[in-house]
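The values are calculated or read from the model by the stated rules, or taken from the named source; none is laboratory data. Just so you know, these numbers come straight off a predicted model, no measurement behind them. We place every Cβ from the backbone using ideal geometry, glycine too, and count neighbours over all the protein chains shown. Note: accessible area is taken over every heavy atom of the protein model, side chains too, but ligands, DNA and RNA are not part of it. Shrake-Rupley method; radii C 1.70, N 1.55, O 1.52, S 1.80 Å.
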Amino acid sequence: MKVREVLSQGRGALITAKIDDASLEAEVLLRYALGLKRVQLYLQLDRELSFKESENFWQLIRLRLNNEPTAYITGHREFYGLDFDVDGNVLIPRPESELLVETALGLALEYPMHTIADVGTGSGALAISLAVTLPRVKIYATDISSSALGVAQSNCQKHGVLNRIRLLQGDLLEPLPEPVNLIVANLPYVREEALSQVNTRYFEPHLALDGGPDGLEAIRRLGTQVGAKLRLGGGLLLEIGLDQGEAVMVFFRHLFPSAEIKLIPDGCGIDRVMSLLLPPAILLTESGVSNAVMLS
Ligand code: GLN
């Protein structure tokens, strides 16, 4: 059978299983099975596949039909134009999280930025995208999972930024040795009940997805650590889920009444990032506690 026929049959199998982006996924899996780049695949559409080649491809399609994410099957995912290694120890970077990077870069143009922390870094996608684009900034990347940090470390090596990113193991902001100018975080924010459904998420580390009964447990815990680890005039950018914007804003407004807080929508019009900017001078909250502790 020819490459084009096998590709079309694989696509058909994924469509029947109602897998989104069936065309793209079938192509990625066929390229992976044959070890070909995109252009090479399209130059070989009329070549006959060997029995072994087509067996390899169908084996990958079977994994995908069993809900295993394509990124785990191939071990790669592109994010912000960079190729990241991924495995079952880390969340697969999502295109919508590029909004965190874009927003952070926008802030870096406006405010002096010497240090950034990526909290719960996973594969390192956010920290590395920022390090590659902001060559003078020192970046900390934390994660509670040592196996996730192993993946982040090999991605840092791959993108030549191992000397610019300090990988730290620990809970949220706790391992940071100093307060920073900007905190970016894609913490677990999925409601735990949503995680019982068997879909591609099922294969991802629940540690990176499970935000407790209302999805906001990790975000609230981070909130209580921010005051000690964010410099005056600094910013916090948090990825949030559908319908969480209002609750997250209320929570942070209470913690930081003088901060400028807003929600930023993604390309689909869904509020995806909460942005919080601390005022550049010390102000006291109603409870009398300073909302930022260090001078920048
Ligand atoms: N957006 C991801 C999802 O819906 C969740 C990522 C997260 O919890 N940080 O699967």
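Within the range 165-187, how many residues turn out to be within 11 Å of the ligand (Cβ to nearest atom), part of a loop (DSSP other than H, G, I, E, B) and surrounded by 22 or more Cβ atoms within 10 Å (Cβ to Cβ)?
1
Please work out if Val226 is within 16 Å of the ligand (Cβ to nearest atom), in a helix (DSSP H, G or I) and open to solvent by less than 10 Å² (accessible area, probe 1.4 Å).
no
Can you tell me which residue is least open to solvent (accessible area, probe 1.4 Å) among those in the range 144-163 that are out of contact with any helix residue (DSSP H, G or I) (no Cβ under 9 Å at 6 or more places or on another chain) and touching a residue at least 40 places away in the same chain (Cβ under 8 Å)?
For the range 144-163, the residue satisfying everything is Val151.
Could you figure out which of (1) under 16 Å from Asp118 (Cα atoms); (2) within 14 Å of the ligand (Cβ to nearest atom); (3) of a type outside the set (A, V, I, L, M, F, W, C) isn't true of Pro205?
(1)
Out of all the residues in the range 22-57, which are among the basic types (Lys, Arg) and either under 12 Å from Gly10 (Cβ atoms) or free of Cβ contacts under 8 Å to residues at least 12 places away in the same chain (or both)?
If the condition is that a residue be among the basic types (Lys, Arg) and either under 12 Å from Gly10 (Cβ atoms) or free of Cβ contacts under 8 Å to residues at least 12 places away in the same chain (or both), then Arg31, Lys37, Arg38, Lys52 are the ones that fit.
Here is a list of conditions, (1) loosely packed, with under 13 Cβ neighbours inside 10 Å; (2) of a type in the set (Lys, Arg); (3) part of a helix (DSSP H, G or I), and Lys18 meets all of them except one; can you say which number that is?
(3)
How about the range 229-263: which of its residues are crowded, with 18+ Cβ neighbours inside 10 Å, of a type outside the set (A, V, I, L, M), part of a loop (DSSP other than H, G, I, E, B) and more than 21 Å from the chain's Cα centre (by Cα)?
Phe256
Quick check: anything in the range 244-258 aliphatic (A, V, I, L, M) and in contact (Cβ under 8 Å) with a residue 40 or more places away in the chain?
Among the residues of the range 244-258, not one is aliphatic (A, V, I, L, M) and in contact (Cβ under 8 Å) with a residue 40 or more places away in the chain, which makes the answer no.
Leu7 fails exactly one of the following numbered conditions: (1) assigned to a helix (DSSP H, G or I); (2) surrounded by fewer than 15 Cβ atoms within 10 Å (Cβ to Cβ). What is the number of that condition?
All conditions pass for Leu7, except number (2).
With the requirement that a residue be open to solvent by 30 Å² or more (accessible area, probe 1.4 Å) and not in a helix (DSSP H, G or I), what does the range 93-112 give you?
Arg94, Tyr111, Pro112, listed by residue number.
I'd like to verify a number: residues in the range 73-92 that are open to solvent by less than 30 Å² (accessible area, probe 1.4 Å) and more than 16 Å from the ligand (Cβ to nearest atom), how many?
Number satisfying all stated conditions: 3.
Just the residues that are of a type in the set (D, E, K, R) and either part of a helix (DSSP H, G or I) or buried (at least 17 other Cβ atoms within 10 Å of the Cβ) (or both), please, taken from the range 30-72.
Result: Arg31, Arg38, Lys52, Glu53, Glu55, Arg62, Arg64.
What single numbered condition from (1) open to solvent by 30 Å² or more (accessible area, probe 1.4 Å); (2) under 21 Å from Leu126 (Cβ atoms); (3) acidic (Asp, Glu) fails to hold for Glu204?
(1)
Going through Ala218, Ala141, Ala131 one at a time, which residue ends up being part of a helix (DSSP H, G or I), within 16 Å of the ligand (Cβ to nearest atom) and open to solvent by less than 60 Å² (accessible area, probe 1.4 Å)?
Answer to the selection: Ala218.
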